[in-house]
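Notes follow once the structure below has been shown.
Just so it is clear, none of the values below were taken in a lab; they were calculated from the coordinates. Quantities reported herein were computed from a predicted structural model and do not represent experimental measurements. Note that each Cβ is placed from the backbone with ideal geometry, even for glycine, and that neighbours are counted across all protein chains shown.
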Amino acid sequence: MAAAATRPRGPGLSLCLASAGIVKTLALAAFTLAWTHSIEKVEWQEDWRVTRDGLELVHARVKGSGAGMEPPPDARLVDGWFQWQPRRAAMPEVVLGNSGAAGEWRLCTDGHCRTLSEIFGLPIGSNVTTMSACNP
């Protein structure tokens, strides 16, 4: 996990999570999204930054390859992880589905990870969760 400090970048920037009719606001500027691939059962992690333009994916890594998780050609193997820097514009929102086949999405900051169910305080199950930069 390489997410930076949890202080918002500039006034009013934070992460909004919406699932099961509940909205949670987390005052953070960067985080790591982690999960276990449902088929290959290996760890995948992405480092995100909350910006005025939306959510920016700044770094990705996967602990293996196979079934729909092939690293791109510019990925480098570092300490057992294929790592790369995605090149894409910030996204207004990111939608997370949950098949229930591999455990939950985990959101990590400052070296500590929590499942979405822990963040929301109730089992998320197969509910879709939407992540976005909160409106300042």
Gain upon complete extension [Glu93, Ser126; 0.36 nm per residue less C-alpha separation]: 10.0 nm
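Got a sec? How would Arg106, Arg52 order by Cβ neighbour count within 10 Å, fewest to most? Don't skip to the answer; put the middle values down first.
On the way: Arg106 20, Arg52 11.
Ascending number of Cβ neighbours within 10 Å: Arg52, Arg106.
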Can you compute the modelled spin-label distance between Ser65 and Ala27, with each label point 7 Å from Cα toward Cβ, in nm? 4.4
FRET efficiency for Asp79 and Glu118, Cβ-Cβ distance as r, R0 = 30 Å, nearest 0.05? 0.65
So if each residue of separation counts as 0.36 nm, and I subtract the Cα-Cα distance between Ala20 and Cys134, what length gain in nm does that give? 39.3 nm
